[in-house]
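Participant: One structure, pasted below without further comment.
The values are calculated or read from the model by the stated rules, or taken from the named source; none is laboratory data. Treat the numbers as computed from the prediction; the structure is a model and nothing was measured. Here Cβ is always computed from backbone atoms with ideal geometry, including for glycine, and neighbour counts include all displayed protein chains.
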Amino acid sequence: MITLHQYPGCWELPSLSPFCIKVETYLKMTGIPYKVVVENDPRRGPKGKMPVLKDGDKIIPDSGFILEYLKNKFGNTLDAHLTAEQQAMAIAVRRMIEENLYFVILYSRWIDPVGKKFINDAFKQFFPRLLSPLILAIIRRNLKKQAHGQGIGRHTREEIYSIGKQDIHAIATLLGSNHYFFGDKPTSIDATVYAFLSVIIYTPIDNPLREAVCNNQRLMEYVARMK
């Protein structure tokens, strides 16, 4: 059986990572049997992060490559009906979410003073009590470096949330009145969209990004439908 190694869950989230939620959502959508192994230490992954999929002697890191592997092995049943234009749009939307919106989420959790203390209190349960402050400080330092290198960390708080709200508006506009991203049937891009929106909604930190999602009725209905 396939084994999904992912970060632990908290609040109403099966995992603290949207990338892990994305893979598990895809597995549920396709009905592929799997089991979950919870990992607190990203160093257990070949690329120093989770999720990681294990299938026999095969080890596949990175959510994008995991979905590609699953589609090749079990068939691309969710996306078979999509046009070339829709497939291209799905790639563009996924890039926007995973390479831009993700860093706004990262900022809201680990760097924004509003989220910083909350995350410390919530995440310390996953580490040994005496080492927890040190581990969280190292995680925060590394994530701040990532955000600065990507570019989002160079902006002001107001500018960062403005960028995030633009992404949320784009997602809502593209979704429109559809039940799912490309109509009445869910496709693999819905696993990504749902994962990131659910992380924003169910992480109980009040900020402009969460407000933008929670105040959008269509997005809230979409998340409830996917859940």
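Participant: Pairs only if they're at least six apart or on different chains, beta carbon under 7 angstrom, first in the range 31-59 and exposed (fewer than 12 other Cβ atoms within 10 Å of the Cβ), second part of a loop (DSSP other than H, G, I, E, B); list them, first residue then second.
Facilitator: Pairs that qualify, where the first residue is exposed (fewer than 12 other Cβ atoms within 10 Å of the Cβ) and the partner is part of a loop (DSSP other than H, G, I, E, B), are PRO33/MET1; LYS35/MET1; LYS47/ASP62.
Participant: Only one of (1) surrounded by fewer than 17 Cβ atoms within 10 Å (Cβ to Cβ); (2) touching a Leu at 6+ places or on another chain (Cβ under 8 Å) is not met by PHE196, so which one is it?
Facilitator: (1)
Participant: LEU174: surrounded by fewer than 17 Cβ atoms within 10 Å (Cβ to Cβ), part of a helix (DSSP H, G or I) and either touching a Pro at 6+ places or on another chain (Cβ under 6 Å) or not small (Gly, Ala, Ser) (or both), yes or no? I'd like the intermediate steps shown before the answer.
Facilitator: On the way: surrounded by fewer than 17 Cβ atoms within 10 Å (Cβ to Cβ): yes; part of a helix (DSSP H, G or I): yes; either touching a Pro at 6+ places or on another chain (Cβ under 6 Å) or not small (Gly, Ala, Ser) (or both): yes.
Yes; evaluated as a whole, the condition is true for this residue.
Participant: So, one more: Going residue by residue through the range 203-221, is there one that turns out to be in contact with a strand residue (DSSP E or B) (Cβ under 8 Å, 6 or more places away or on another chain) and closer than 15 Å to SER108 by Cα?
Facilitator: Scanning the range 203-221 turns up at least one residue that is in contact with a strand residue (DSSP E or B) (Cβ under 8 Å, 6 or more places away or on another chain) and closer than 15 Å to SER108 by Cα.
Participant: Counting just the residues of the range 76-130 that are acidic (Asp, Glu) and part of a helix (DSSP H, G or I), which one comes out farthest from LYS22 (Cα to Cα)? Step through it out loud before you land on a result.
Facilitator: First pass over the range 76-130, keeping only residues acidic (Asp, Glu): 79, 85, 98-99, 112, 121.
Of the ones still in play, those that are also part of a helix (DSSP H, G or I) are 85, 98-99, 121.
Values: GLU85: 22, GLU98: 11, GLU99: 14, ASP121: 25 Å.
Per the criteria, the residue is ASP121.
Conditions tested, residue by residue: (1) closer than 24 Å to ASP167 by Cα; (2) in contact with a strand residue (DSSP E or B) (Cβ under 9 Å, 6 or more places away or on another chain); (3) assigned by TED's automatic domain parsing to the domain that holds ILE163.
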| residue | (1), (2), (3) |
| --- | --- |
| VAL37 | no, yes, no |
| LYS54 | no, yes, no |
| LYS58 | no, no, no |
| ALA90 | yes, no, yes |
| LEU106 | yes, no, yes |
| PHE118 | no, no, yes |
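Participant: In the range 173-211, which residues are touching a residue at least 60 places away in the same chain (Cβ under 8 Å) and of a type in the set (S, T, N, Q)? Outline the logic, then answer.
Facilitator: Within the range 173-211, the subset touching a residue at least 60 places away in the same chain (Cβ under 8 Å) is 174, 181-182, 185-196, 198-200, 202-207, 209-210.
Scanning the range 173-211 gives THR187, SER188, THR192, SER198, THR203, ASN207.
Participant: Could you give every pair whose Cβ atoms fall below 8 Å, whose first residue belongs to the range 212-227 and is small (Gly, Ala, Ser), and whose second residue is buried (at least 19 other Cβ atoms within 10 Å of the Cβ) and assigned to a helix (DSSP H, G or I), counting only separations of at least 6 or pairs across chains?
Facilitator: Between residues of the range 212-227 that are small (Gly, Ala, Ser) and residues that are buried (at least 19 other Cβ atoms within 10 Å of the Cβ) and assigned to a helix (DSSP H, G or I), the close pairs are ALA212/GLY164; ALA212/ILE168.
Participant: Considering the range 49-69 alone, what residues qualify as being in contact with a helix residue (DSSP H, G or I) (Cβ under 7 Å, 6 or more places away or on another chain) and within 21 Å of LYS28 (Cβ to Cβ)?
Facilitator: So the first thing to find is which residues in the range 49-69 are in contact with a helix residue (DSSP H, G or I) (Cβ under 7 Å, 6 or more places away or on another chain), and the list is 49-51, 53, 60, 63, 66-67.
Hits for the range 49-69 are MET50, PRO51, LEU53, ILE60, SER63, ILE66, LEU67.
Participant: Any idea which residue in the range 177-186 is surrounded by the most Cβ atoms within 10 Å (Cβ to Cβ), counting only those that are under 19 Å from the mean Cα position of the chain (by Cα) and assigned to a loop (DSSP other than H, G, I, E, B)? Walk me through it before giving the result.
Facilitator: So in the range 177-186, the residues under 19 Å from the mean Cα position of the chain (by Cα) come out as 180-181, 186.
Right, trim to assigned to a loop (DSSP other than H, G, I, E, B) and you get 181, 186.
Working: PHE181: 24, PRO186: 20.
Ranking the candidates gives PHE181 first.
Participant: Conditions: (1) closer than 30 Å to ILE138 by Cβ; (2) in the same structural domain as ILE205 (by TED's automatic domain parsing). VAL23 meets all but one. Number of the miss?
Facilitator: Just one mismatch for VAL23, condition (2).
Participant: Still on this structure: Hey, among ILE205, ILE168, ILE163, ILE189, which residue is surrounded by fewer than 21 Cβ atoms within 10 Å (Cβ to Cβ), under 18 Å from the mean Cα position of the chain (by Cα) and assigned to a helix (DSSP H, G or I)? So that I can check it myself, show each step before the final result.
Facilitator: On the way: ILE205 fails: assigned to a helix (DSSP H, G or I); ILE168 fails: surrounded by fewer than 21 Cβ atoms within 10 Å (Cβ to Cβ); ILE189 fails: surrounded by fewer than 21 Cβ atoms within 10 Å (Cβ to Cβ).
So the residue among ILE205, ILE168, ILE163, ILE189 that is surrounded by fewer than 21 Cβ atoms within 10 Å (Cβ to Cβ), under 18 Å from the mean Cα position of the chain (by Cα) and assigned to a helix (DSSP H, G or I) is ILE163.
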